[in-house]
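Following: one structure in structure tokens, then a few remarks.
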Amino acid sequence: MKTLHKFYCTLIALLLVVSSCHKLDVKPVNVLTDDQIFSNEAGINTYLAQVYRKLPIEDFSYRPAGRDGQSGFNLHHEWEHFWHLGAGIGEMSGPWGGLDFAGGFGYWPYGDIRAVNYFIETLPKYSDKFPGNRVNELLGEAYFLRAYYYFALVKRYGGVPYITVVQNFPQQSIEELQMPRNKEEECWNLIGDDLDKAWSMMTETSVSGRASKYAAAALKSRAMLYASSIARYGSVNFVEGDARAQGFVGITADKAEGFFNKAWDAAKLLEGKFSLYQKNPNKELNYAMTFLDNDSPENILVRDYSIPGNSAHSWDATFSPRFMTADGLSRAYPTLELVERWGELQVTNPDGTPKRYNDLSEVFQGLEPRLLATVYFPGSTLRGLKFDVQRGIYPSFTGTAAAEIAKPDNARSHILAGGTDALYNGKQVIGMTGISTSGDQYTRTGFYVRKYIDYRRPQSEVALFTSTTHWIEFRYAEVLLNRAEAAVETGRPDDALTCLNLLRERAGGATLSLGDVDVEEVRNERCKELAFENHYWWDIRRWRTADVILNNQRFRGLLPYYVFDENKYIFLREQETFGRNFNFEKRSYYEPIPGGELAKNPNLYPNNPNY
């Protein structure tokens, strides 16, 4: 029996003993045989559970491990992964500097892909053990899983070896196992082919956490959108090199239209099968519950978490201020750049002086409900407590906001503090939710993340590793956005308008007219709707705009101050207080092939340009 197969079977045996999710009546053994695994649904479910567990879904807890090429979960620091994918690019701001965009994660999951290939090759031998079309349904699910693994590889590296058979050592020589890279275009087409097989074979429904045929269509709409963008925009903005000259990275511009059409066709397959979440007439609460309701008609594929299964995450604790949790510690915060995708906040008067507010909450009155359900503003409330965000106190304030911000800190008359115990004439200098001059447990932008925060949980229960909110990997809103982008890129703005207005009506925003629809409008809507869902990083890479957006970029916040002699609040647009700046090298549109893999397989050369 093959080494990898023994490894997987050992894991399965352990699961059969300790799993609290599946009570399987199978005697525990050190290694299970194919007969024990593939002849019954219980064995199949346990085998696939391992494949799904390692699926590279960029969720609350997933983080590709370092240079050892193994995928894994960082259960202790989900904020760190989200800072890498969110705060390093402008959705959020975090305390870490020196982000190595070019270094990559070293992700290389060919052991996991082999497990899927083994499943595809082995299961048909047991077709007499299953009724009707069941084997084909399971094979379709395996094709979806293989496509997902390759999607994670190709979006990072471009062309990779697209292996679809089980490799065996020592039956095969080292030379036979050292497979060369497929061209990038070939890889995207092969992903599409696997997903077409999945669509034709899978069922329309599935249990929670398992894919249906509609998950395959959703993934195809996403993957083909990536391929089409790389063809259209990567053919203009690129780095020369042998890998590009040989087609291992990059797709010619003439292929863009075809990939966009494939993305649109795949998205249309879900029309009438799913709908946007609209259970609550209160638009703000409705959008917040979109991510919390387990029975949402919008969800296509979710990943579940549980405390007994030792998979609970810490989103509620690590994205809320400690003041509102039992033992949490927030570390990353939405930027003003993200917030003002909804439009510029009117916090200054026509003459440039800051508007005065009696209460912090006045600043967000009248804003789109979706924004308020995505970001907590100063003055918002959570678990009965107020986000009393305050950067400091001005004994008095005169002049314009721009003039004040232009002054060096030592020339400004504001009073700042490192802790909540500091007072000025009996008035607390900073709020219980920040903003402090020391430590990073308070907001540095004036905002906190609201999306996915379960506001129904009492403060005493919000601790590390106690959150069980599911992660939505595919939801219908993304499919509509994929369809809208493909439509506007192929001269169908009327269809893009239909998709955008469905989203905006649910969001409580103003609807658009046909004249409003262009590529930038579609992209902006995508950034708003999918904020904090780990799409933006990949989007600006496939649009080839990351090197423009992150050109010595410094992100900003909206910082509240109390003006003591007026008993009023003002808000100033200032650089976020971590003081980071960010750059993106063009070579980083592709990650380097991991060095360890190059050492083992010289057929992976040439490495990607400028590595």
Considering the Cα positions of the range 205-330, please state its Rg to one decimal place and its Dmax as a whole number of Å. 20.5, 56
Förster radius 25 Å - calculated FRET efficiency between residue 186 and residue 122 (Cβ-Cβ, nearest 0.05): 0.45
I'd like to know which of 438, 180, 223 lies farthest towards the positive end of the charge dipole of the chain, counting +1 on Cβ of Lys and Arg and -1 on Cβ of Asp and Glu. 438
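Compute the FRET efficiency between residue 428 and residue 292 as 1/(1 + (r/R0)^6), taking r as their Cβ-Cβ distance and R0 = 45 Å, and round to the nearest 0.05.
Numbers: r = 33 Å, r/R0 = 0.73.
Given R0 = 45 Å and the Cβ-Cβ separation, E is 0.85.
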Which whole-number percent gives the relative contact order of the chain, counting Cα pairs below 8 Å spaced six or more residues apart? 18
Hey, can you rank 164-173, 396-405 by average C-beta count inside 10 Å, highest first? 396-405, 164-173
How much accessible area per residue does the chain have, counting only protein heavy atoms and a probe of 1.4 Å, in square angstrom? 38
Quick note, the range 499-539: a/c under 1.5 would make it rounded; otherwise a/b > b/c is prolate and the rest oblate (a ≥ b ≥ c, C-alpha gyration tensor); here it is oblate
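May I ask you to list the trypsin sites (Lys or Arg not before Pro) in the range 420-504 that are in a DSSP loop and have at most 12 other Cβ atoms within 10 Å of their Cβ?
Filter output for the range 420-504: 456.
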Between residue 53 and residue 178, what is 0.36 nm times their sequence separation minus the Cα-Cα distance? Round to one decimal in nm. 42.3 nm
In the chain the accessible area split gives carbon plus sulfur, as whole percent at 1.4 Å, a share of 50
With each label point set 7 Å from Cα along the Cα-Cβ vector, what nm distance links residue 512 and residue 349? 3.7
When ranked by the protection proxy of mean other Cβ atoms within 10 Å per residue, highest first, what sequence do the peptides 341-348, 431-438, 126-133 form? 431-438, 341-348, 126-133
If the only charges are +1 at each Lys and Arg Cβ and -1 at each Asp and Glu Cβ, what is the size of the charge dipole of the chain around the Cα centre, to the nearest 20 debye? 660
Contact order normalised by length for the range 133-213, with contacts defined as Cα pairs under 8 Å and 6 or more residues apart; what percent is it? 45
The chain: radius of gyration and largest Cα-Cα distance (Dmax), Å: 25.6, 84
Given Cβ point charges of +1 (Lys, Arg) and -1 (Asp, Glu) and nothing else, what value in debye, to the nearest 20, does the dipole of the range 404-533 about its Cα centre take? 580
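Nearest 0.05, what FRET efficiency do residue 205 and residue 326 give at R0 = 51 Å with Cβ-Cβ as r?
Computed FRET efficiency for residue 205 and residue 326 comes out at 0.85.
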Along the dipole axis of the range 132-183 (charges at Cβ: +1 for Lys and Arg, -1 for Asp and Glu; origin at the Cα centre), the most positive-end residue among 166, 133, 145 is 145
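Taking a ≥ b ≥ c as the square roots of the Cα gyration tensor eigenvalues, with a/c under 1.5 meaning rounded and otherwise prolate when a/b beats b/c, else oblate, which class fits the range 90-212?
oblate
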In the structure displayed, which of 355/451; 386/451; 197/268 lie more than 19 Å apart, Cα to Cα? 355/451
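Mind ordering 489-495, 252-258 by average Cβ neighbours within 10 Å, highest first?
489-495, 252-258
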Can you tell me the relative contact order of the range 327-468? Whole percent, Cα pairs under 8 Å, sequence separation 6 or more. 32
Hits among aspartates and glutamates - C-alpha to C-alpha of residue 220 under 13 Å, sequence gap 8 or more where chains match: 193, 194, 196, 265, 478
By the Cα gyration tensor axes a ≥ b ≥ c (a/c under 1.5 gives rounded; else a/b larger than b/c gives prolate, otherwise oblate), the shape of the range 392-528 is oblate
Positive-end residue of 595, 512, 530, charge dipole of the range 511-611 with Cβ unit charges: 595
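The values are calculated or read from the model by the stated rules, or taken from the named source; none is laboratory data. A quick note: this is a predicted structure, and the numbers were derived from the prediction, not measured. Positions of Cβ are backbone-derived with ideal geometry, glycine not excepted, and every protein chain shown enters the neighbour counts. Please note that ligands, DNA and RNA were not included when accessible areas were found on the heavy atoms of the full protein model with its side chains. Shrake-Rupley method; radii C 1.70, N 1.55, O 1.52, S 1.80 Å.
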